[in-house]
Amino acid sequence: MQSDNVIIIGAGQAGGQAAISLRSSGFEGRIILIGDEPYVPYERPPLSKAMLAGELPIERSYLRKPEFYPEKNIELWLKQHVKAIDRAAKTITLADGETLPYAKLIIATGSRVRKLSLPGADKKGIYYVRTIADTLAIQNHLKEGARLVLIGAGYIGLEVAAVGIKKGCKVTVLEALDRVMARVVAPEVSVFYEDVHKAAGVDIRKGVRIAEITGNDHVKAVKLEDGSEVPADLVVAGVGVVPEIALAEAAGLKIDNGIVVDEFCQTSDPDIYAVGDVTNHPNAILGQRLRLESVQNAMSQGLAAAQAICGKPQAYAEVPWFWSDQYDLKLQIAGLWEPTDNVVIRGNMAEGKFSVFYLRNGAVVAVNAINNMKDFLPAKKLIAAHVVVDPLRLADGEVSVKELVP
Ligand SMILES: Cc1cc2nc3c(=O)[nH]c(=O)nc-3n(C[C@H](O)[C@H](O)[C@H](O)COP(=O)(O)OP(=O)(O)OC[C@H]3O[C@@H](n4cnc5c(N)ncnc54)[C@H](O)[C@@H]3O)c2cc1C
């Protein structure tokens, strides 16, 4: 049983995937994919990696070539902002006042960057990385000798730092916590990455508090609470994102750190689905609700919502995974890191090819694999299996991780 038409709000990774999956799952009705950026749906990971370095043309980040959408009869309405959802009338309203009816609605509005709230945070020369426009603007300033200051040592800040070094910038990273990537990796991996960045010439300052950003019209320096100043030609802040829930909240959908959905991405309104960064969803494998900011989640939820709308529901439950590229290191993360009772290191840290397994009650709950793809895929299966593993065998390079998966 199919609905007449589906409107998707947000033409990013999850919205684009939902449109693609609706057609590939057999949906024959009208699909309108509305996004407020000027580009066809694209992948954001290259924004702080290869695209920022000028090594990946914009078109290579597109989920599908522009001609795909008319070929599949998907109406792509770009540079259009949706300003309201009327659930009673089952319509959405665009910023220009146009109203469109929907049979089913998919909200894929993603996240927006958390802005700095500091004196001087409105000066020119302060950037965030969320869109192609942001990346192009930053790229212009990554010149030999430019003084680049990153606020936040999360994966985005560190990826931009690595590109800055490659471009010959003088790079400083300012982090409030006592280690880098503290939200996503364990202390062992933070130390490894700190050493790599320091060796590349990055000045990493941890445990610092920023007092203000100084300069007249344009940023000149970042002033710390201890009175010291870090001169800056350019500041890039990576201090997290917030889910873009405004439309859903105003429409009265259930919200709790994101739009609350079930395992089929259905919201508290049966005709409205939500996918991607904006959702708070259940994960049966981990036995908890999550709000994730990852390509894997955006793609899988886009597919799950499309299947449910096509009357072929498949519950979404996967081990969360993520990656980060810094210098020649590929970090792959599966599971969610939090302090555990045992840590097993496999491989050789000094050679930059190793995996760190985190065990709780004897079972693997998360892995960080560095240039170690071979361990990563079976490690995801180990996490899903919830089995107790022998830490000595896990650490033994002669035993493949695959052998430990039941
Ligand atoms: C710099 C960067 C690097 C990243 N690196 C990685 C990585 O290495 N690996 C990984 O797994 N993930 C990475 N991510 C995260 C990943 O890109 C996101 O999780 C993913 O893009 C989420 O997809 P989404 O569709 O939910 O949101 P988005 O891709 O943000 O798309 C939402 C879209 O909706 C639009 N929109 C919002 N409100 C409206 C409205 N009212 N009307 C019309 N349009 C609207 C927005 O403008 C946006 O275009 C990275 C993200 C960034 C920013």
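Quick notes
- Residues of the stretch 127-142 that are at pLDDT 95 or above and either open to solvent by 10 Å² or more (accessible area, probe 1.4 Å) or part of a loop (DSSP other than H, G, I, E, B) (or both): 127, 128, 129, 130, 131, 133, 134, 136, 137, 139, 141, 142.
- Residue match in the stretch 300-308 (condition: open to solvent by less than 40 Å² (accessible area, probe 1.4 Å), under 21 Å from residue 112 (Cα atoms) and either hydroxyl-bearing (Ser, Thr, Tyr) or away from the ligand (no atom under 11 Å from the Cβ) (or both)): yes
- A single entry from 237, 284 fulfils the requirement of being at pLDDT 95 or above, open to solvent by less than 10 Å² (accessible area, probe 1.4 Å) and of a type in the set (Gly, Ala, Ser): 237.
- Subset of the stretch 97-126 [assigned to a loop (DSSP other than H, G, I, E, B) and polar (S, T, N, Q)]: 109, 117
- Test: residue in the stretch 2-16 that is in a loop (DSSP other than H, G, I, E, B), open to solvent by 50 Å² or more (accessible area, probe 1.4 Å), of a type in the set (S, T, N, Q) and more than 8 Å from the ligand (Cβ to nearest atom): yes
- The one condition in (1) touching a residue at least 40 places away in the same chain (Cβ under 8 Å); (2) within 30 Å of residue 123 (Cβ to Cβ); (3) among the small types (Gly, Ala, Ser); (4) out of contact with any helix residue (DSSP H, G or I) (no Cβ under 8 Å at 6 or more places or on another chain) that residue 238 fails to fulfil: (4)
- Restricting the stretch 127-177 to residues that are within 15 Å of the ligand (Cβ to nearest atom) and polar (S, T, N, Q), the residue that is farthest from residue 229 (Cα to Cα): 131
- Among (1) within 16 Å of the ligand (Cβ to nearest atom); (2) acidic (Asp, Glu); (3) within 30 Å of residue 170 (Cα to Cα); (4) not in a loop (DSSP other than H, G, I, E, B) - the single one residue 212 does not satisfy: (1)
- Subset of the stretch 17-44 [within 13 Å of the ligand (Cβ to nearest atom) and in a loop (DSSP other than H, G, I, E, B)]: 35, 36, 37, 38, 39, 40, 41, 43, 44
- Among the residues making up the stretch 241-258, those that are open to solvent by less than 40 Å² (accessible area, probe 1.4 Å), over 21 Å from residue 126 (Cβ atoms) and within 11 Å of the ligand (Cβ to nearest atom) are 243, 245, 247, 248, 258.
The values are calculated or read from the model by the stated rules, or taken from the named source; none is laboratory data. Keep in mind that this is a model prediction, so the values were computed, not measured. Don't worry about glycine lacking a Cβ; one is built from the backbone with ideal geometry, like all the others, and counts go over all protein chains shown. We work out accessible area using only protein heavy atoms, side chains counted, and drop any ligands, DNA or RNA first. Shrake-Rupley method; radii C 1.70, N 1.55, O 1.52, S 1.80 Å.
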